[in-house]
Amino acid sequence: MGGSSPFKDQNKQHSTTTTTLSSFRRFLPYTIYAILPLALFRLYFYPLPLPQSPTDRLPRSDHILVGPSLSSPRQAEKTGGDAVTQAPPRPPCDYTNGKWVPDKSGPLYNGSTCSTIKDGQNCIAHGRPDLDYLYWRWKPHQCHLPRFQPINFLQLLRNKNVAFVGDSMARNQLESLLCMLSSVSDPTLVYRDGEDNKFRKWNFPGHNMTISVYWSPFLVKGVEKSSSGPDYNKLYLDSVDERWAGDLGSLDMVVLSVGHWFLHPAVYFEGGSALGCHYCPGLNHTEIGFYDVLRKALRTTLKALIARTRASARATDVFVTTFSPSHFEGDWDKFGACPKTKPYQEGEKPVEGMDAEMRKIEAEEVEAAKADARDFSGIRLEALDITKLSLMRPDGHPGPYMHPFPFADGVKDRVQNDCVHWCLPGPIDTWNGILLEAIKRWSGGEMNG
């Protein structure tokens, strides 16, 4: 029949398809071998983002970040006199949560290389036999805390006046900073007044920077108890202590640190009349505790700082160091009052009770002050949150080594212990490391180290 078979083209097409499939199978392995390394290279250097877990998306309101205040960006002056806005600070780092990890590098100074250590905190010179407490560093979970670089601090605070204001914890932190800075530049004591060196000022000539300490255990006006007067303190909660506040016009940075003196017996005054008292048996006053009193004192202080900075032409940076827990285990004058020789592990010792409440009050008042200064670029405020990292260091106190060689004549059942302040060098050096990082952020950029 003249017609062609309907299967002829189909057979030819099948033959062509078979040849094509055969070629495809032959080259398929080579294609896979070529593409696979490229895919692996892409995934290694540009990994796909993973979805956040529900925990990652939870608000972290219980953490204090070393970040910018809520005030407007500070204005800097150009050579021609025009105001320019400084570069925005780096994203904040949460230094609150972390753990203590071993660190072989050790401290920047020791008891013999720093002449400004208060005698009661010079644990090495007083014969403390265990030195493991010197070889730990704080490691935040989500960021890096660099080793303190003294030259960076001096450069950032060149031509500035810095003041530590508060109780003996403020002095403890100041002396830690002085010792670390003196590892690269010797300070000169230029002023001293008051018993127990309660008011002092040093100058670093190479950078024209001064650091002062002001004794003001309540920050507000107060009359301390004495052996010749009442055995309780008097606090005037609506008046700032002028012994330090009177110098605000000459200060560029203020570090406030109070807390422990609010635990002492006291009578409180506000608006010219008695408000109440804390632990005042025999006096005709209402017991009101000390938490609200601490809040009122901080509020008065921070409002005065903002108001006086507004009224002056000098910008001021303000830090509030949060409450530093003590570690007494039993009577303060009994052997083994703070016997620990290692840090607590994370989760072993939570921040709770009075420690948590004191820290909370200080953090809340700093945030309230930031809101008050939101529209004012002349002041920056930050909480230096050291409560948790300090709570985890029961091994860092002088204990019986607040006195030289307390067991030279054998171990005694009764011996004075300091489980409040910190050995120098010791964990308190970390506070100033975090302080430096906050200052670096505010400077608008990174520095070496």
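Output the number of residues of the range 400-419 satisfying the condition of being out of contact with any Cys (no Cβ under 9 Å at 6 or more places or on another chain) and within 16 Å of Arg171 (Cα to Cα).
0
So, in the range 300-326, of the ones that are among the small types (Gly, Ala, Ser) and more than 14 Å from Asp372 (Cα to Cα), which residue ends up most open to solvent (accessible area, probe 1.4 Å)?
For the range 300-326, the residue satisfying everything is Ala313.
Is there any pair linking a residue in the range 321-345 that is at pLDDT below 95 to one that is of a type in the set (Phe, Trp, Tyr) and part of a loop (DSSP other than H, G, I, E, B), with Cβ under 6 Å and at least six apart or on different chains, and which?
Hits for this filter: Ala337/Phe328.
Name the residue, out of Gly271, Gly246, that is surrounded by fewer than 22 Cβ atoms within 10 Å (Cβ to Cβ) and either more than 27 Å from Trp431 (Cβ to Cβ) or aliphatic (A, V, I, L, M) (or both).
After ruling out the rest, the residue left standing is Gly271.
Working only within the range 244-284, note down all residues that are more than 25 Å from Ile386 (Cβ to Cβ) and touching a Ser or Thr at 6+ places or on another chain (Cβ under 6 Å).
The answer is Gly249, Gly276.
Of Glu362, Glu357, Glu382, which residue is buried (at least 23 other Cβ atoms within 10 Å of the Cβ), within 20 Å of Leu263 (Cβ to Cβ), of a type outside the set (Phe, Trp, Tyr) and in contact (Cβ under 8 Å) with a residue 24 or more places away in the chain?
Just one listed residue meets the conditions, Glu362.
Could you list, in sequence order, all residues of the range 399-449 that are in a loop (DSSP other than H, G, I, E, B), of a type outside the set (A, V, I, L, M, F, W, C), at pLDDT 95 or above and in contact with a Leu (Cβ under 9 Å, 6 or more places away or on another chain)?
Pro425, Gly426, Pro427
Which strands (runs of 3 or more DSSP E) sit wholly inside the range 127-246 and have at least 2 residues that are closer than 30 Å to Ile288 by Cα? First the steps, then the outcome.
On the way: elements: 136-140, 161-166, 188-193, 199-204, 209-215, 220-223, 233-240.
In the range 127-246, the matching strands (runs of 3 or more DSSP E) lie at 161-166, 209-215, 220-223, 233-240.
Test Arg441 against the stated conditions and say whether it is touching a residue at least 40 places away in the same chain (Cβ under 8 Å) and under 30 Å from Asp252 (Cα atoms).
Against the criterion (touching a residue at least 40 places away in the same chain (Cβ under 8 Å) and under 30 Å from Asp252 (Cα atoms)), Arg441 qualifies.
Please work out which one of (1) surrounded by fewer than 16 Cβ atoms within 10 Å (Cβ to Cβ); (2) closer than 26 Å to Leu302 by Cβ is the condition Ala170 fails and give its number.
Here Ala170 clears every test but (1).
Please go through the range 223-242 and give me each residue that is among the small types (Gly, Ala, Ser) and free of Cβ contacts under 8 Å to residues at least 40 places away in the same chain, ordered by number. Walk me through it before giving the result.
Within the range 223-242, the subset among the small types (Gly, Ala, Ser) is 226-229, 239.
Matches in the range 223-242: Ser226, Ser227, Ser228, Gly229.
What pairs come out if I take residues in the range 162-182 that are within 14 Å of Thr430 (Cβ to Cβ) and pair them with residues that are part of a helix (DSSP H, G or I) whose C-beta lies under 6 Å away, six or more apart or interchain?
Matching pairs, first to second residue: Gln173/Trp431; Ser176/Asp429; Ser176/Asn432; Leu177/Asn432; Met180/Pro150.
The values are calculated or read from the model by the stated rules, or taken from the named source; none is laboratory data. Since the structure is predicted, the reported quantities are computational estimates derived from the model, not experimental observations. Glycine gets a Cβ as well: all are built from the backbone with ideal geometry, and neighbour counts include every protein chain shown. Keep in mind that these areas ignore ligands, DNA and RNA; they rest on the heavy atoms of the full protein, side chains included. Shrake-Rupley method; radii C 1.70, N 1.55, O 1.52, S 1.80 Å.
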